[in-house]
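Notes follow once the structure below has been shown.
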Amino acid sequence: ELEALEQEGRDYIQLLDKAAGLRKNRASLAEWEYTANITKENEDKWIQIRLDISKQDKVAWEETKMYKWQGFQDNTLKRMFKKYSELGVAALPDDKYQQLMRSVSGMEANYATSKICSYKDNTKCDLALEPDITEIFAKSLDPEELKHTWVEWHKTAGAKARANFTQYVQLYNEAAKLNDYKDVADWWQADYEVPNFEEQLAKLWDDVKPLYQQLHAYVRKRLRDMYGDHVVSARGPIPAHLLGNMWAQTWNNIESFTRPYPDKKEVDITQAMKDQKYTPLKMFQMSDEFFRSLNLTAMPQKFWQNSIIEKPTDRDIVCHASAWDFYDGEDFRIKQCTTVDYEYFQTTHHEMGHVQYFLQYKHLPVIFRDGANPGFHEAVGDTIALSVSSPKHLRRVGLISGDAEDEQTEINQLYKMGIDKIVFLPFAYTLDLFRYGVFRGTTPPEDYNCHYWRLREALQGVEPPVNRTEDDFDAAAKYHVSANVEYARYYVSFIIQFQFHRALCSLAGEYVQEDITRKLVDCDIYQSVAAGNALGNMLKMGSSKPWPDAMEALTGQRAMKADGLLEYFRPLYDWLVAENQRTGEHIGWEPSKIHYC
Ligand SMILES: C=C(C[SeH])C(=O)N1CCC[C@H]1C(=O)O
Ligand SMILES: [Zn+2]
């Protein structure tokens, strides 16, 4: 009898899953149409389609409730029912659901179409984030130009989103409660399927903080050398607009004048790419070739037909890089406004990693076509990029020449990786600690900006270039806050990608612990079928099992740990400690003198 009931449940859920796949295909196509051509008409169409689909979701959800799946023997079947028993934002009544969609698409459109006036020519007011403002932050060494650009962007992309954001928080929390969560923070953390997720994030930060503080102290000194101590103090936070990135989330663009051994040959990948006439298409083809060299799957022909890899000139689109699964097993796309430089070379691998995950799990039921947890999806491409950015690989593809490894070159290389990977962690941690407080109500709207900057100063040791008030709303000047994209996934990714990298490098014979001829920093898994097969086997699991099972399959570990990252950067940490002692640099930062609460 129980067997028959379970078999009935299996037949039902397979039909439901197919129907759900068609709905997700329809919703993804409508979202693509809107974000690839931002018009009122396309926004209305996308909202209408999601409303329509939410009704069908609700019918399916009511049916699913009739099955006594909790008692089933088959764990995979139980997991499918458990996931389908959560309705999501469609649990809101239509009018509130519409309002929620409007507030998010309003913020996203504002972000995507925000323009500011140039510092050098205040009649030129068509500067967009990509590529114009990004280029200013990559190249300008004028603190006043950087300050102007920072302030103007935060005014148009941040402050203007405050009303929509406040409404979004209210409605999204209502949806959370209708799904039996306390609030959205609780809902977001449920995706990680561990009871103490927030404690785990805090533990990881405790493990990495000493390394970050040493790097922060060193960079603050080099910036003070560059700009003088009236611009960069000796013991305070670092002004956020001087770090080469609008959000100070990676500091790659200040490498050239802050690197430990400046007399070692300049490794300027961007210049080499330009000299060698790289195009966006070539960058994608090189990334595709890397995945194929691992015996993973080639991008299908529809990918090359349907993707948007350069910014169109005839319309507004959401430029922020994204990868798309249309849930029909054939249609996979990337949309990004590629520029030929090192940063987008990394981003291209990041996005191609998402698509490789889609390809590896496309045989699974639709409900399992997801990362083992959101951090896994963000880690795939970055893990490959750790090999691609190794000197060995860059020499292999001719982006850097000669220069055998010596101690100083290795420190320069670790520094270059560190101002990308280490400095990102407190930024990522801050962004969702802030939003957890917002969703829980411990950060009320009247304290949004004050709490945001208190966290950024405490964890990242940065300060705004000018005073801030609650007329500002600086958090929304970051894409993921305006676009309702959870961010702890990147914090998790930047930790676990080093666990993945270490495991893959072992399998590729590129890394042996304690063997100085096989160091992690110079590992390149290119063409390793053994590594590729292991990675593919983990990706094929999708979200069909709890993520510790997926992680164990690849790394032998069942928890996210900072040990991979700390081992990778160990030589840099030792060097920074010695260097900061030599220069007598203050470690850490005293309270900011900028007024923002
Ligand atoms: C490239 C993407 C799209 Se999933 C992205 O948002 N990333 C990649 C790394 C961090 C984060 C960011 O840009 O803030
Ligand atoms: Zn991503």
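The values are calculated or read from the model by the stated rules, or taken from the named source; none is laboratory data. Just so we're clear, the structure is a prediction, and the values are computed from it rather than from any experiment. Quick reminder, even Gly has a Cβ in these numbers, built from the backbone with ideal geometry, and neighbours come from all protein chains shown.
Table for the structure above
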| item | result |
| --- | --- |
| Test: residue in segment 393-416 that is crowded, with 21+ Cβ neighbours inside 10 Å, under 30 Å from R454 (Cβ atoms) and either in contact with a helix residue (DSSP H, G or I) (Cβ under 9 Å, 6 or more places away or on another chain) or modelled with pLDDT of 95 or more (or both) | yes |
| Checking S256 against (1) among the small types (G, A, S); (2) exposed (fewer than 15 other Cβ atoms within 10 Å of the Cβ); (3) over 25 Å from Q413 (Cα atoms), the condition it does not meet | (3) |
| Contacts under 7 angstrom Cβ, first residue in segment 483-512 being of a type in the set (D, E), partner away from ligand 2 (no atom under 12 Å from the Cβ), 6 or more apart | E486/W188; E486/D432; E510/R518; E510/C523; E510/D524; E510/I525 |
| Output for segment 106-132, where each listed residue is out of contact with any His (no Cβ under 9 Å at 6 or more places or on another chain), closer than 26 Å to T166 by Cβ and of a type in the set (V, I, T) | T113 |
| Among (1) under 18 Å from K83 (Cβ atoms); (2) buried (at least 23 other Cβ atoms within 10 Å of the Cβ); (3) more than 16 Å from ligand 2 (Cβ to nearest atom) - the single one L364 does not satisfy | (2) |
| From the options V267, V340, V318, residue that is among the aliphatic types (A, V, I, L, M) and under 30 Å from G228 (Cβ atoms) | V267 |
| Members of segment 313-326 that are more than 16 Å from ligand 1 (Cβ to nearest atom) and over 16 Å from A109 (Cβ atoms) | T313, D314, F326 |
| Residue among D447, D420 that is of a type in the set (D, E), within 16 Å of ligand 1 (Cβ to nearest atom), in a helix (DSSP H, G or I) and surrounded by fewer than 24 Cβ atoms within 10 Å (Cβ to Cβ) | D420 |
| Matching option when the condition is more than 22 Å from P280 (Cβ to Cβ), without any contact (Cβ under 8 Å) to a residue 60 or more places away in the chain and of a type in the set (G, A, S), among G329, G375 | G329 |
| Selection within segment 302-345 - over 16 Å from A128 (Cβ atoms), surrounded by fewer than 17 Cβ atoms within 10 Å (Cβ to Cβ) and basic (K, R) | K302 |
| Where a residue in segment 257-282 is within 14 Å of D406 (Cα to Cα) and its partner, wherever it lies, is at pLDDT below 95 and assigned to a loop (DSSP other than H, G, I, E, B), with Cβ under 9 Å and at least six apart | K264/D403; K264/D406; K265/I400; K265/S401; K265/G402; K265/D403 |
| Leading residue by the ranking (surrounded by the most Cβ atoms within 10 Å (Cβ to Cβ)) among those in segment 225-242 that are part of a loop (DSSP other than H, G, I, E, B) and in contact with a helix residue (DSSP H, G or I) (Cβ under 6 Å, 6 or more places away or on another chain) | P237 |
| Checking N37 against (1) polar (S, T, N, Q); (2) buried (at least 18 other Cβ atoms within 10 Å of the Cβ); (3) not in a helix (DSSP H, G or I), the condition it does not meet | (2) |
| Residues within segment 470-505 that are closer than 13 Å to T430 by Cβ, within 12 Å of ligand 2 (Cβ to nearest atom) and acidic (D, E), tallied | 0 |
| Of residues in segment 504-551 being within 21 Å of E193 (Cβ to Cβ) and hydrophobic (A, V, I, L, M, F, W, C), the one surrounded by the fewest Cβ atoms within 10 Å (Cβ to Cβ) | M541 |
| Qualifying positions in segment 312-341 - away from ligand 2 (no atom under 16 Å from the Cβ) and among the charged types (D, E, K, R) | D314, R315, D316, D328, E330, D331, D341 |
| Subset of segment 45-93 [β-branched (V, I, T) and over 30 Å from Y34 (Cβ atoms)] | T76 |
| Residues within segment 568-597 that are in contact (Cβ under 8 Å) with a residue 12 or more places away in the chain, among the charged types (D, E, K, R), surrounded by fewer than 15 Cβ atoms within 10 Å (Cβ to Cβ) and more than 28 Å from R454 (Cβ to Cβ), tallied | 0 |
| Restricting segment 374-398 to residues that are outside any loop (DSSP other than H, G, I, E, B) and over 27 Å from W188 (Cβ atoms), the residue that is farthest from ligand 2 (Cβ to nearest atom) | R395 |
| Any pair with Cβ under 8 angstrom, 6 or more apart, that starts in segment 468-482 at a residue that is at pLDDT 95 or above and ends at one that is assigned to a loop (DSSP other than H, G, I, E, B) and more than 16 Å from ligand 2 (Cβ to nearest atom) | R468/I594; R468/H595; R468/Y596; T469/Y596; D474/P464; D474/R468; A477/M246 |
| Residues located in segment 346-361, provided they are without any contact (Cβ under 8 Å) to a residue 40 or more places away in the chain and near ligand 1 (Cβ under 9 Å from one of its atoms) | T347, H350, E351, H354 |
| Among residues of segment 423-444, those that are among the β-branched types (V, I, T), in a helix (DSSP H, G or I) and touching a residue at least 60 places away in the same chain (Cβ under 8 Å), counted | 1 |
| Qualifying positions in segment 59-79 - over 19 Å from S543 (Cβ atoms) and without any contact (Cβ under 8 Å) to a residue 12 or more places away in the chain | V59, E62, M66, Q70 |
| In segment 29-60, the residues that are of a type in the set (S, T, N, Q) and in contact with an Asp or Glu (Cβ under 7 Å, 6 or more places away or on another chain) | N42 |
| From the options T76, T113, residue that is surrounded by fewer than 19 Cβ atoms within 10 Å (Cβ to Cβ) and within 27 Å of the chain's Cα centre (by Cα) | T113 |
| Enumeration of residues in segment 464-487 that are surrounded by 24 or more Cβ atoms within 10 Å (Cβ to Cβ) and within 20 Å of R235 (Cβ to Cβ) | P464 |
